[in-house]
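Asker: Handing you a structure now.
The values are calculated or read from the model by the stated rules, or taken from the named source; none is laboratory data. Predicted, not measured: the structure shown is a model, and the values here were computed from it. When we count neighbours, we look across all protein chains shown, and the Cβ atoms used for this are built from the backbone with ideal geometry, even at glycine. Side chains included, ligands, DNA and RNA excluded: accessible areas come from the protein's heavy atoms. Shrake-Rupley method; radii C 1.70, N 1.55, O 1.52, S 1.80 Å.
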Amino acid sequence: MKIISTDKAPAAIGPYSQAVVTGNLLYASGQIPVIPSKGTLAEGDITVQAEQACKNVGTILAAAGTSFEKVVKTTCFIADINDFAAFNAVYEKYFVSKPARSCVEVSALPKNALCEIEVIAELS
C-alpha cells in the first residue's frame, strides 16, 4: 500500500491520508472545496464550491499519476439536494468518462462545505 500526499490539495484535517494506492487502484479521501494555498473554504454557491472540490480531486489524481478519465467510481455528498442540477453542471465538465456514482444529501459536511467528492481510479 502506498500513501499519496500532495501540498497542491488540502491537507487532511484528521487521521487519514489524502489517498491510498493498492494494486492498480487509487482510493482518494473525500475532497471538500478548500483552497489549498489558503486552507479556507472557497466562498460562493454550489457551483463555486463544486469547481474547487473537483480541482482538489484533480490534483490528487495527478499526484498519483492518473487522471479524471481513469476514475471508475465517485461518491458525492451535497448539503442541499436542491443543488443537485447545479452540482451536476460542474461535475460533468470534469468527469467526462461518466464513472459510476452515488450522490446523496447529507445534513452537514466539514467546515460547512456545500459538497464533497471522493473517487476510486485506475492508475495510468
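Asker: Suppose every K and R has +1 on its Cβ and every D and E has -1 on its Cβ; what is the size of the dipole of the stretch 78-119 about the Cα centre, in Debye to the nearest 20? Write out the running numbers ahead of the final one.
Answerer: Details: 4 positive and 6 negative charges, 35 e Å.
Using Cβ point charges on Lys, Arg, Asp and Glu, the stretch 78-119 gives about 160 debye.
Asker: Related question: Out of the total accessible area of the chain (probe 1.4 Å, heavy atoms of protein only), what percent is carbon and sulfur?
Answerer: Numbers: 3400 of 6340 Å².
Ligands and nucleic acids excluded, carbon and sulfur reach 54 percent.
Asker: Further question on the same structure: First select every other residue whose beta carbon is under 12 angstrom from the beta carbon of E69; then total the charges, Lys and Arg +1, Asp and Glu -1. Before the final figure, lay out the partial values.
Answerer: Values: positive: K70, K98; negative: E122.
Cβ neighbours under 12 Å give a net charge of +1.
Asker: With a 1.4 Å probe and all protein chains left in place, how much accessible area per residue does the chain have, in Å²?
Answerer: Details: 6340 Å² over 124 residues.
For the chain, the per-residue accessible area is 51 Å².
Asker: Take the chain, connect every pair of alpha-carbon atoms lying under 10 Å apart with a spring to form a Gaussian network, then pick out the residue of S97, S29, S107 with the largest mean-square fluctuation.
Answerer: Evaluated over the chain, the most mobile residue of the options is S107.
Asker: Please compare each pair in K2/K38; K8/K38; K8/K55; K73/K98; K2/K111 to a cut-off of 18 Å on the Cα-Cα distance and tell me which ones are over it.
Answerer: Details: K2/K38 27 Å; K8/K38 11 Å; K8/K55 10 Å; K73/K98 9 Å; K2/K111 28 Å.
Distance filter (> 18 Å) returns K2/K38; K2/K111.
Asker: If you don't mind, there's one more thing I want to ask. Can you give the Rg to Rh ratio of the stretch 9-124, both from alpha-carbon atoms, with Rh computed by the Kirkwood formula?
Answerer: Working: Rg = 13.1 Å, Rh = 14.0 Å.
Over the Cα atoms of the stretch 9-124, Rg/Rh equals 0.93.
Asker: Compute, for the chain, the length of the dipole vector about the Cα centre, with Cβ point charges of +1 (Lys, Arg) and -1 (Asp, Glu) only. Units Debye, rounded to 20. Walk me through the numbers on the way to the answer.
Answerer: On the way: 10 positive and 12 negative charges, 84 e Å.
Its charge dipole is roughly 400 debye.
Asker: Nearest 10 degrees, 0 to 90: what angle lies between the long axis of helix 84-94 and the longest principal axis of the chain (Cα atoms)?
Answerer: In the chain, helix 84-94 runs at an angle near 30 degrees to the longest axis.
Asker: Under the rule of -39500 (n - 2.57) per DSSP H run of 4 or more residues, summed and divided by the residues of the chain, what mean residue ellipticity at 222 nm is obtained, to the nearest 500 deg cm²/dmol? Write down the numbers at each step before the final one.
Answerer: Values: 2 runs with 29 residues, N = 124.
Here the helix-only value at 222 nm equals -7500 deg cm²/dmol.
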